[in-house]
1. Within the range 370-397, track down each residue that is within 20 Å of Ser217 (Cβ to Cβ) and not in a loop (DSSP other than H, G, I, E, B).
2. Tally up the residues in the range 80-126 that are in contact (Cβ under 8 Å) with a residue 24 or more places away in the chain and of a type in the set (Asp, Glu), please.
3. Among Tyr393, Tyr371, which is modelled with pLDDT under 95, closer than 23 Å to Trp254 by Cα and either more than 32 Å from the chain's Cα centre (by Cα) or among the aromatic types (Phe, Trp, Tyr) (or both)?
4. If the requirement is being within 30 Å of His278 (Cβ to Cβ) and open to solvent by less than 20 Å² (accessible area, probe 1.4 Å), which of these qualifies: Ala111, Ala161?
5. Any chance the range 452-470 includes a residue that's under 19 Å from Gln219 (Cβ atoms), part of a helix (DSSP H, G or I) and of a type outside the set (Gly, Ala, Ser)?
6. Give the residue, chosen from Thr47, Thr4, Thr33, Thr65, that is open to solvent by less than 50 Å² (accessible area, probe 1.4 Å), in contact with a His (Cβ under 8 Å, 6 or more places away or on another chain) and either modelled with pLDDT of 95 or more or among the small types (Gly, Ala, Ser) (or both).
7. Restricting attention to the range 405-426, report how many residues are touching a residue at least 60 places away in the same chain (Cβ under 8 Å) and assigned to a helix (DSSP H, G or I).
8. In the range 403-412, how many residues are in contact with a Phe, Trp or Tyr (Cβ under 6 Å, 6 or more places away or on another chain) and either open to solvent by 10 Å² or more (accessible area, probe 1.4 Å) or over 19 Å from Glu259 (Cα atoms) (or both)?
Amino acid sequence: MDTTRKSRDNTFGEAGQHTLESVMATETSAPLTSIANIGQHEGATVTLRGWLYNLRSSGKLLFPTFRDGTGTIQGIVPKAAVPEELFNTLKELQLESSVVVTGKVRADSRAPSGYELDVEDVKVQQAVSADEPFPITLKEHGPDFLMERRHLWMRTPRQSAILRVRATIMRAAQEFFDTQDFTRTDPPILTPAACEGTSELFEMKYFDEGNAYLTQSGQLYIEATALALGKVYSFGPTFRAEKSKTRRHLTEFWMIEPEVAYADLDDLMKLAEDFLSHIVMRVLEKHRIDLKTITGGDEKAAKLEKIQAPFPKISYDEAHAMLEKAFAEGAIEKPHEYGDDFGAPDETYISNQFDRPVMVHRYPAVVKAFYMQPDPADPTKALCVDVLAPEGYGEIIGGSQRIDSYDLLKERILSHDLPLEAFEWYLDLRKYGSVPHSGFGMGIERCVAWVCGLEHVRETIPFARTLNRIYP
């Protein structure tokens with residue numbers, strides 16, 4: 001789907017975190033500002049550094065739209081108000097030419113930002129050639145065309161807004177744990193074994209040590225740091241060699257993973273709902289205009305306002321019963337087989353019954369990872385939880401209470417045909433001061449897709465890596 005077709009001169013991006021006020025203005029005596037902060041200079045003449053995003057003309061009036069990474073603003077250039085050379089230069093200027101613009105800030109309630117710029121001067125830093133114009137235009141572009149030009153596509157207002165929201169989500173995620181007395185501990189990216197088997201990992205030779213794998217999770221390692229420090233989290237890139245082409249999958253993505261000693265499943269679910277509520281609150285504080293740019297309306301922000309703890313909590317059995325009833329009523333096409341994990345259509349139906357994330361807990365142990373603690377009330381179930389985002393965005397958090405028994409964990413490793421020697425260090429954690437402990441993982445990209453209302457995760461990261469894409 002073409003995400004550039006919204007009018008270029010009717011789009012404004014929310015403030016980025018890095019403003020330009022601290023940069024010394026050498027081109028003009030007018031104070032340097034960013035578009036995001038231009039409202040602080042109403043009635044004053046200012047300088048912007050950026051790019052020509054769009055240009056319309058109406059006789060003796062030019063309407064250039066400028067962008068600077070923090071937003072866009074429309075300029076007004078009457079032919080009679082500027083030197084003829086300036087007017088003609090601007091009229092012929094190609095899109096994405098870099099410019100330094102000086103003008104007077106004027107309030108205008110019709111403008112998306114509330115302001116326009118009466119342009120007084122434009123200095124061209126680099127003029128794009130008319131023989132090789134900027135390739136992304138207002139016409140319809142397919143996803144392959146846009147992904148091949150991802151390095152340029154991200155300049156458009158919608159894509160820039162998504163990346164600003166992503167940055168805030170990552171900052172808010174880390175902020176939450178930092179203010180809750182968690183210690184960040186970074187696990188290795190190269191590992192000798194996998195959390196859940198090696199069939200979906202990228203494999204490589206590691207000198208004379210045999211095979212190594214790009215990590216699919218830092219969990220096993222931060223279990224070790226949790227037993228040293230109490231409350232920890234990791235935050236970094238992870239890799240899955242899944243041959244999946246769905247809208248929810250990337251082969252390289254970012255994961256934040258907390259782990260807490262002496263925490264059970266109930267503690268974990270409370271942590272997860274507080275964590276997500278905090279992230280959404282920060283996005284709403286900073287990015288309402290960006291959300292409107294991304295989605296074209298205010299509906300997404302209104303939905304996000306409902307994301308507050310506590311979240312609804314249902315068991316796997318309750319979710320299965322919900323799907324059985326839905327199938328009987330013709331609401332879903334295929335019945336859910338009890339004992340199977342939930343597929344994307346199942347998760348979509350379940351999540352659509354709630355206006356905030358729903359926490360599905362106690363899945364059958366056979367469909368979950370080897371390290372999950374069995375439920376004492378029913379050992380066929382695991383003390384685990386998946387948090388399903390509303391609107392069919394699927395699982396955004398997966399977590400569990402971990403097995404704390406040495407004997408049981410060893411039995412599980414062997415029953416899953418995993419190499420015992422690779423997990424000796426992990427078993428040591430159950431030899432020396434083992435305690436109940438729990439943790440979860442949240443993929444940043446799925447969270448961004450949900451918060452921004454995106455159809456595909458490929459737009460949630462600057463340069464997506466998918467089954468069939470590793471360029472640019």
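The values are calculated or read from the model by the stated rules, or taken from the named source; none is laboratory data. Predicted, not measured: the structure shown is a model, and the values here were computed from it. Glycine also receives a Cβ, built like all others from the backbone with ideal geometry; neighbour counts cover every protein chain displayed. Just the protein is used for accessible areas: all its heavy atoms, side chains included, with ligands, DNA and RNA removed. Shrake-Rupley method; radii C 1.70, N 1.55, O 1.52, S 1.80 Å.
1. Step one: filter the range 370-397 for residues within 20 Å of Ser217 (Cβ to Cβ), giving 370-373, 382-389, 394-397.
Met372, Ala382, Cys384, Val385, Asp386, Val387, Leu388, Ala389, Gly394, Glu395, Ile396, Ile397, listed by residue number.
2. Total satisfying the criteria: 6.
3. Numbers: Tyr371 fails: modelled with pLDDT under 95.
Just one listed residue meets the conditions, Tyr393.
4. Ala161
5. So the first thing to find is which residues in the range 452-470 are under 19 Å from Gln219 (Cβ atoms), and the list is none.
Looking through the range 452-470, none of the residues is under 19 Å from Gln219 (Cβ atoms), part of a helix (DSSP H, G or I) and of a type outside the set (Gly, Ala, Ser).
6. Among Thr47, Thr4, Thr33, Thr65, only Thr33 is open to solvent by less than 50 Å² (accessible area, probe 1.4 Å), in contact with a His (Cβ under 8 Å, 6 or more places away or on another chain) and either modelled with pLDDT of 95 or more or among the small types (Gly, Ala, Ser) (or both).
7. So the answer is 4.
8. Total meeting the criteria: 1.
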